[in-house]
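J.: Attaching a single structure in structure tokens format; questions to follow.
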Amino acid sequence: MSIEPKAVNQRKSAARGTSRREFLKKSTLAGAAFTAGTNLFKTPVYGQTQAPAPGNVVGANNRIVVGYIGVGLQGGLHISLQKANAQQNNIAQAAVCDVSAHRRDAAMKAVDDDKAKPYENFEELLGRNDIDAVTISTCDQWHATAAIAALQAGKHVYLEKPMARYLPEAFDLYDTITKSGKVFQVGSQACSDPKWDRARQYVKDGKVGQLVLIQEAYMRNSKDGEWNTAPYVPADWMDEKDINWPKWQGKTKKIPFSSERFARWRKYYPYCAGPLGDLAPHRIHPVLLATGKPEFPSRVVCLGQNPVHADRTPPGAPDRDCPEDVQFIAEFPSGLALIMITGTVNQVGLDSVIRGHLGTLLVGANSVDLRPEPFADEIDPDTAGNLGTESIESHEKNWFDSIRANTPLAANAGADLAIKAQTVLSLAEMSNRLNMMCRFDEKTRKIIGADGKEVPAFTYGAQDNS
């Protein structure tokens, strides 16, 4: 699928690998600060009982008071990053919530504010009138439920990707968002990366013409299995005394306590769609955003394989029940097609390419290269460089800025984008697991099979492994 020489692709792949290593290093350092409870600054006083005014932010000096639901690896990273940028974003960290006492304790040390409070049940946190917004970083089976409850409680929501585990609850969340008037943002930080905004501007200005094909990838590799190694190794503290296991399982089929599933939930279908749920959202959100007019898919077909079974490499380690390597094609009503690959057994991906009838966009690490088609004399070649790269901090800032401006649609990864990306991902999972092409009717929200009959959307308990 590459349109560049092999040597260029190798350099780009190496650069992407370096970028990922730098990101993981940054995440590890932030997580270490989170665990140690480093006192990066002292949170100012905020009103404990003051109720939020409709449609605006309350608190001293227009401060946004934030609570955190799910404070494991990603939730702890959000605490650390938001604390480091709290003065710039004018926020206060008021509460943490997790089903694990160990993680609650670590989060409280990281927040380091004697007014902040820990909670085991997020319903209690959401009952506090002084909290304006919540950052939700639970495992996927709790995403939609927690976000819906937060919106109904009048909170703005930053929700880690994907939007939901299953499509029906994603639409329930979408409907709740549109009625709430609150700012919702899904945590796909590449949507706040300047290069994707520049690509969107090229498309808007007609520099590529009618869009016809996008190719994208998110690939990783690990000898022992992507989610078998640190930081996903079960710890000594992970037991039923520490973790509210029935609560953690949510709507999934109840099973005896498993530290393996608690630590490595991304390997198991009841809690995650595997690479489709964990990796693909990083790329599908920004490429749909770059089109300027994200669409629901009209049909999706997907293949998923387990050619290596890398998770079995460590002695005694159980295999995953989701694919290691995934490829899917999504078609949209405008005629645009999206080809995406994602997996955890080879880290070489595809170049990020947006093809149009008049030109092509090559999206690099921090640049966008416009190449006109040979007959498109009215379009000049162009390169936008030094655009910067994605960061969680900039994505969080976009959310805070949107809250403060009371402009829900300003968020870079809002509800409209999130539900369309989720529809593609959910149909891809169904296509692979049911061995069929899935068509989608956006007016009725129904999934249609090749025979023209409706196919019930996957949800909790509908399949043997859900």
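The values are calculated or read from the model by the stated rules, or taken from the named source; none is laboratory data. Model, not experiment: these values are computed from the prediction. Cβ sites come from the backbone with ideal geometry, for glycine too, and all protein chains shown count toward neighbours.
J.: Tell me, please, whether a residue that is assigned to a loop (DSSP other than H, G, I, E, B) and surrounded by fewer than 17 Cβ atoms within 10 Å (Cβ to Cβ) can be found in the stretch 266-286.
T.: no
J.: Hey, another quick one. Which of the residues spanning the stretch 103-127 are surrounded by 19 or more Cβ atoms within 10 Å (Cβ to Cβ) and over 20 Å from residue 81 (Cα atoms)?
T.: Within the stretch 103-127, 119, 122, 125, 126 qualify.
J.: Take the residues in the stretch 86-141 that are charged (D, E, K, R) and assigned to a helix (DSSP H, G or I); name whichever of them is nearest to residue 186 (Cα to Cα).
T.: Of everything passing the filter in the stretch 86-141, 140 is nearest to residue 186 (Cα to Cα).
J.: When the stretch 287-328 is examined, which residues are found to be part of a loop (DSSP other than H, G, I, E, B), within 29 Å of residue 260 (Cα to Cα) and of a type in the set (S, T, N, Q)?
T.: The answer is 306, 313.
J.: Residue 226 versus (1) over 17 Å from the mean Cα position of the chain (by Cα); (2) farther than 15 Å from residue 342 by Cβ: which is the lone unmet condition?
T.: Among (1) over 17 Å from the mean Cα position of the chain (by Cα); (2) farther than 15 Å from residue 342 by Cβ, residue 226 violates only (2).
J.: Oh, and also: Out of curiosity, is residue 310 over 23 Å from residue 207 (Cα atoms) and aliphatic (A, V, I, L, M)?
T.: yes
J.: Collect the residues in the stretch 430-466 that are part of a loop (DSSP other than H, G, I, E, B), closer than 15 Å to residue 333 by Cα and touching a helix residue (DSSP H, G or I) at 6+ places or on another chain (Cβ under 7 Å), keeping them in residue-number order.
T.: If the condition is that a residue be part of a loop (DSSP other than H, G, I, E, B), closer than 15 Å to residue 333 by Cα and touching a helix residue (DSSP H, G or I) at 6+ places or on another chain (Cβ under 7 Å), then 445 is the only one that fits.
J.: Any residue in the stretch 171-198 that is closer than 27 Å to residue 366 by Cα sitting within a Cβ distance under 6 Å of a residue that is among the basic types (Lys, Arg)? List the pairs, counting only those 6 or more apart or interchain.
T.: That search, which allows pairs on different chains as well, returns 186/161; 187/161; 188/161.
J.: Can you run down the residue pairs with Cβ atoms below 8 Å, 6 or more apart or on separate chains, where the first is in the stretch 399-420 and under 19 Å from residue 66 (Cβ atoms) and hydroxyl-bearing (Ser, Thr, Tyr) and the partner is crowded, with 20+ Cβ neighbours inside 10 Å and at pLDDT below 95?
T.: 402/408; 402/411
J.: So which of 216, 160 is touching a helix residue (DSSP H, G or I) at 6+ places or on another chain (Cβ under 8 Å), charged (D, E, K, R), in contact (Cβ under 8 Å) with a residue 24 or more places away in the chain and not assigned by TED's automatic domain parsing to the domain that holds residue 381? Please lay out each step first, then the result.
T.: Details: 216 fails: not assigned by TED's automatic domain parsing to the domain that holds residue 381.
Of the residues listed, the single one that is touching a helix residue (DSSP H, G or I) at 6+ places or on another chain (Cβ under 8 Å), charged (D, E, K, R), in contact (Cβ under 8 Å) with a residue 24 or more places away in the chain and not assigned by TED's automatic domain parsing to the domain that holds residue 381 is 160.
J.: Oh, and also: Return the residue satisfying two criteria in turn: it lies in the stretch 227-246 and is touching a Phe, Trp or Tyr at 6+ places or on another chain (Cβ under 9 Å) and not in a loop (DSSP other than H, G, I, E, B), and of such residues it is farthest from residue 104 (Cα to Cα).
T.: 245
J.: Could you please find all residues in the stretch 283-336 being under 12 Å from residue 424 (Cα atoms) and modelled with pLDDT under 95?
T.: Across the stretch 283-336, there are no qualifying residues.
J.: Only one of 408, 381 is buried (at least 16 other Cβ atoms within 10 Å of the Cβ) and more than 15 Å from residue 191 (Cα to Cα); which?
T.: After applying the criteria, what remains is 408.
J.: I need the full set of residues from the stretch 292-312 which are polar (S, T, N, Q) and surrounded by 14 or more Cβ atoms within 10 Å (Cβ to Cβ), in order please.
T.: Step one: filter the stretch 292-312 for residues polar (S, T, N, Q), giving 298, 305-306.
Correct list: 298, 306.
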